[in-house]
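Note sheet for the following structure.
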Amino acid sequence: MSCSHGRQSTPSSAPEVNTPGDLLTIGELARRTGVTTSALRYYEEVGLLPPPARISGQRRYPKSAARVVGTILLYSDAGFTLAEQKALMASRKSTCGEWERLARRKLAELDEQIARAQAARDAIRHGLRCPHEDITQCPNFNAGITARLAGQPLSRSHQQLHGQRTK
């Protein structure tokens, strides 16, 4: 799964603005983190990024907000949804046990995704090696179809493919 997380592809050409008290404008935070301003506003809207101070109606973030955005990006890269990230961030403030439970559940999900992807890769490689010009005429392919229709996941139905040899 590829996701840009609202990252900018090119830096903004907006001029730097000095802000009072080492606060960052939304544009400055966006440049520092490589995230679009719309993504920052969305993170704020869903509660991942604390609401910033307002000076003359403009958002002003503490420099520490860059680390929060970095955390959001890292969690996203690790496969956590925004809702899961919110729970992770909240659990860090309350109990380590809750963070560990959420992390272990995500690890199990990732292990399952990896197993499915490996089974898909193996099945495609098998199909590429098949001597039949029409894959649908291959007995191994048809055994895989039968196994899949019997409710077996690709990983198990692919094992059926390897259990039979093409004549």
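Readers should treat all values here as calculations from the given coordinates under stated rules, not as data from a laboratory. Everything quoted here is computed from the prediction, not taken from an experiment. With ideal geometry, Cβ positions are generated from the backbone for all residues, glycine too; neighbour counts draw on all protein chains shown.
Quick look at the values:
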quantity: Residue 137 versus residue 111: modelled label distance in nm, points set 7 Å from Cα along the beta carbon direction; calculated: 4.3 nm
quantity: Taking 49, 73 and counting other C-beta atoms within 10 Å, the order from fewest to most; calculated: 73, 49
quantity: Packing rank of 23-35, 112-124, 135-147, where each peptide gets the mean count of other beta carbons within 10 Å, highest leading; calculated: 23-35, 135-147, 112-124
quantity: Nearest-20 debye value, region 96-163 charge dipole, Cβ charges on Lys, Arg, Asp, Glu; calculated: 100 debye
